[in-house]
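What follows is a short report on a single structure.
The values are calculated or read from the model by the stated rules, or taken from the named source; none is laboratory data. This one's a predicted model, so the numbers in the text were calculated from it and none came from an experiment. When we count neighbours, we look across all protein chains shown, and the Cβ atoms used for this are built from the backbone with ideal geometry, even at glycine. Side chains are part of the model used for accessible areas, which takes the heavy atoms of the whole protein and leaves out ligands, DNA and RNA. Shrake-Rupley method; radii C 1.70, N 1.55, O 1.52, S 1.80 Å.
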Amino acid sequence: MTAPTTARRSRLIAGVDEAGRGPLAGPVAVAAVILNPRRRIDGLDDSKKLSERKRDALFPLIQERALAWRIEFVEVEEIDRINIFQATMAGMRRALLALAPQAELARVDGNHLPRDLPCRGEALVGGDALEPAIMAASILAKVARDRWMAQLHQDWPQYGFDRHKGYSTAAHLAALRAHGPCPQHRRSFAPVRIETEQRSLF
């Protein structure tokens, strides 16, 4: 695939990706990464295609070798207030604004761009399999969020956040029915909202 002309002209290209849009609990994590062409990182790929061990090994390498990187967490309160799509877009914009040096071009995985970006932007469907900077961002976001959810498990072990990371598995839904939502559950998501409403009737 030939890179767009804008990408060839830009020296500082930030890849942007997220982890955790779908779960019923916990934050969405967004990462932005500007890779350093002089410091190669072997093994980059879409985080979903990598084992947990491989992601954990790449995580510090990306942080050490990238020209710039940033991880933003958009927490449950903001997700419920403005919806998960807008929360993800806001996180992407904040991650890009926090980069130093600033990116000249942001390549965002997916088919939407956040508003008011600090630089030019391109939405790239399937970008986490095409653009190395997006691959790096996907790894940072995924590992950081998994670690966050493992920490939440220490506070609310009855939900099994360390195993399903907040996704709507059968075990998670059963725990939600048994214990009700905790403060880290997204009330704007249907299974949590329904459980909350049912409990309010009794």
Show log10 I(q)/I(0) for segment 137-190 at q = 0.13, 0.16, 0.28, 0.31 Å⁻¹, two decimals, from a solvent-free Debye sum over equal Cα scatterers. -0.31, -0.47, -1.17, -1.29
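Say R0 is 25 Å: what FRET efficiency, to the nearest 0.05, do E75 and Q158 get from their beta-carbon distance?
Numbers: r = 21 Å, r/R0 = 0.83.
Once rounded, the FRET efficiency stands at 0.75.
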Alpha-carbon centroids, segment 35-51 and segment 163-202: separation in whole Å: 35 Å
Provide the gained length on full extension for the span A100 to A178, in nm with one decimal, where the gain is 0.36 nm per separating residue minus the Cα-Cα distance. 23.5 nm
On the full set of protein chains, 1.4 Å probe, figure out the accessible area of D17 and give it in Å² to the nearest 10. 10 Å²
To the nearest 10 square angstrom, what accessible area does R177 show with a 1.4 Å probe? 140 Å²
Length gained, R39-A190, 0.36 nm per residue minus C-alpha separation, equals 49.9 nm
Semi-axis lengths (Å, descending) of the ellipsoid that matches the C-alpha gyration tensor of segment 54-136: 21, 16, 14
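Which value does Rg/Rh take for segment 10-104 over its C-alpha atoms, Rh per Kirkwood?
Values: Rg = 14.1 Å, Rh = 14.2 Å.
My calculation of the ratio gives 0.99.
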Based on the inverse mean of 1/r over its pairs of different Cα atoms, what is the Kirkwood hydrodynamic radius of the chain, in Å? 17.5 Å
